1. I'd like the Karplus ³J(HN,Hα) series for region 157-170: coefficients 6.51, -1.76, 1.60, θ = phi - 60°, whole numbers in Hz, and an x wherever there's a Gly or Pro.
2. If you plug each phi of region 172-187 into the Karplus form 6.51 cos²θ - 1.76 cosθ + 1.60 with θ = phi - 60°, what whole-Hz ³J(HN,Hα) values come out, in order, with x for Gly and Pro?
3. Heavy atoms only, 1.4 Å probe, whole protein assembly: order SER173, SER188 by accessible area, highest first.
4. Could you list the GluC sites (Glu not before Pro) in region 81-161 that lie in coil according to DSSP, counting only those with at most 12 other Cβ atoms within 10 Å of their Cβ?
5. Ignoring ligands, DNA and RNA, what percent of the accessible area of the chain is carbon or sulfur (1.4 Å)?
6. On alpha-carbon atoms, Rg over Rh for the chain using Kirkwood Rh?
7. Using protein chains only and a probe of 1.4 angstrom, how many square angstrom of ASP87 are accessible, to the nearest 10?
8. Filter the trypsin sites (Lys or Arg not before Pro) in region 45-131 to those in DSSP coil with at most 14 other Cβ atoms within 10 Å of their Cβ, and list the result.
Amino acid sequence: MAEDEPTREPARRPGGRTARVRRRILEAAAELIARDGIGGLRYDQVAELAEVNKTSVYRNWPDRTALVADALATYGAAAAPLPDSGDIDADLVDFLEALAATTASAQGRALLAVVAAARENPELRAVVDEVYDRRLATLRDRLQTAVERGELPAIDLSFLGEMLTGPVQLFVSRGAREFTRADARQVSAIVLAGVRATAGR
């Protein structure tokens, strides 16, 4: 499909700019960023994959950076949840397993693809930072509760969050194999054992 030839808006979507159409566009953009990088993102391909008219993409996101930013921000809003069962060890295993799944998704892979490019783009850098901050804020809150309950010793929670999530992101970005629940247990066990063993030093 040529860049200048918009696709026909499907008849079953008469409203055009609806929440559903916007979601489809953002999901399509994330999938294409993950596959081709920012440099390969084309509005005609986004429209084709989302099954909307290309003008719908331009109308909502006249600037490509804004489209990329919104696609990543949507992923940040749907980051891996972190429940509170009263057992921090078990909750972190669930969290890391869910984090691996979301990181391996189209939007997660798009985020990884944008990280390097964002160093040269302050607007994208801000979005990437916001996505990670949302994820770590939830994790920090849960870790703080664990400290208050005596499940964990007092520690820099931001540092601990990076220690827990860093291996997951590295593992998924390499793509050698699927990150399993056993991997989540091992990462959590090793990091928490180190924290408890070095408490007070």
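The values are calculated or read from the model by the stated rules, or taken from the named source; none is laboratory data. Keep in mind that what you see is a predicted model, and the values were worked out from it rather than measured. With ideal geometry, Cβ positions are generated from the backbone for all residues, glycine too; neighbour counts draw on all protein chains shown. Remember, those area values only see protein heavy atoms, side chains included, never the ligands or the DNA or RNA. Shrake-Rupley method; radii C 1.70, N 1.55, O 1.52, S 1.80 Å.
1. Per-residue couplings from phi come out as 5, 5, 5, 5, x, 5, 5, 7, 7, x, x, 5, 5, 5 Hz.
2. Running phi through 6.51 cos²θ - 1.76 cosθ + 1.60 with θ = phi - 60° gives 5, 5, 6, x, 5, 7, 5, 7, 9, 5, 5, 5, 4, 4, 5, 4 Hz.
3. Solvent-accessible surface, decreasing: SER173, SER188.
4. Passing sites in region 81-161 are GLU120.
5. After summing per-atom areas, the C and S share lands at 51 percent.
6. My calculation puts Rg/Rh at 1.07.
7. 70 Å²
8. ARG119
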